Amino acid sequence: SLIYNIYTPLFEAPDEYYHFAMIENHARTGGWPEPLRMLPLEYGPRPEHPWRYMAFRTPLYYALAAPIAAAFDTSDFSTHRLNPHSHIAIALTKFNPNFATHLGGPMILGQPTLDAWQGTGLAVHAIRLFSMALGMITLAGIYWLALEVAPGRVGLALLSALIVALIPQF
């Protein structure tokens with residue numbers, strides 16, 4: 001997860017741009033954006049509502065992550081542009097596979113990163129670390145719950161946690 005956090009370019013993780021837009025909005029305003037009418041369904045964010053359909057989601061995660069984002073200067077968030085020519089979810093595409101545009105960043109552990117590690121970039125990485133911690137808490141909870149249901153069956157508890165950990169995007 002840590003390697004994924006470091007080397008996955010900003011906003012290339014599924015829906016990360018929209019989730020971060022909700023978090024940043026709450027950190028900046030202290031409020032929630034009003035869910036916008038989505039019919040006819042717009043495919044692509046408009047600058048006036050970069051959170052898109054995330055405004056319909058329950059806000060606990062966003063409320064927990066907003067203080068993390070508030071600790072960073074995210075005034076450069078609007079400079080992170082989505083790639084209007086991206087070919088997302090097109091298998092084996094060789095053209096514009098990125099969801100967002102990237103300007104390049106520092107070398108980390110001998111590997112180039114695609115985004116700057118300042119402002120919004122730092123906030124996104126900090127929130128990714130927070131999400132990793134939530135994931136570890138979830139896996140520990142599954143492990144202990146399995147031990148409660150089946151006392152002494154450590155293998156079953158490990159298998160239960162492993163099954164969840166191996167779910168793509170978990």
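The values are calculated or read from the model by the stated rules, or taken from the named source; none is laboratory data. If you're wondering where the values come from, they're calculated on a predicted model, not measured in any experiment. Backbone-built Cβ (ideal geometry, glycine too); neighbour counts: all protein chains shown. Note: areas computed on protein heavy atoms with side chains; ligands, DNA, RNA excluded. Shrake-Rupley method; radii C 1.70, N 1.55, O 1.52, S 1.80 Å.
The number of residues in region 143-170 being in contact (Cβ under 8 Å) with a residue 24 or more places away in the chain and either on the phi < 0 side of the Ramachandran plot or of a type in the set (Gly, Ala, Ser) (or both) comes to 3.
Screening ALA140 on (1) among the aliphatic types (A, V, I, L, M); (2) assigned to a helix (DSSP H, G or I); (3) open to solvent by 60 Å² or more (accessible area, probe 1.4 Å); (4) free of Cβ contacts under 8 Å to residues at least 24 places away in the same chain shows it passes everything except condition (3).
Table: residues versus (1) among the aliphatic types (A, V, I, L, M); (2) in contact with a Pro (Cβ under 7 Å, 6 or more places away or on another chain); (3) surrounded by 14 or more Cβ atoms within 10 Å (Cβ to Cβ).
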{"position": "PRO106", "(1), (2), (3)": "no, no, no"}
{"position": "THR120", "(1), (2), (3)": "no, no, yes"}
{"position": "ALA123", "(1), (2), (3)": "yes, no, yes"}
{"position": "PHE130", "(1), (2), (3)": "no, no, yes"}
{"position": "PRO151", "(1), (2), (3)": "no, no, no"}
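With respect to (1) open to solvent by less than 70 Å² (accessible area, probe 1.4 Å); (2) outside any loop (DSSP other than H, G, I, E, B), the lone exception for ASN98 is condition (2).
Take the conditions (1) touching a Ser or Thr at 6+ places or on another chain (Cβ under 7 Å); (2) modelled with pLDDT of 80 or more; ASN83 misses just one of them, which is (2). Pick from LEU103, LEU92: which is at pLDDT below 90 and in contact with an Asp or Glu (Cβ under 8 Å, 6 or more places away or on another chain)? Just a single option satisfies the conditions, and that option is LEU103. Counting the residues of region 27-74 that are at pLDDT below 55, aliphatic (A, V, I, L, M) and open to solvent by 70 Å² or more (accessible area, probe 1.4 Å) gives 2.
Inside region 17-26, residues that are closer than 16 Å to LEU122 by Cα and open to solvent by less than 30 Å² (accessible area, probe 1.4 Å) make up a count of 5.
Can you tell me which of LEU166, LEU156 is modelled with pLDDT under 95 and not aromatic (Phe, Trp, Tyr)? Sole residue among the options that is modelled with pLDDT under 95 and not aromatic (Phe, Trp, Tyr): LEU166.
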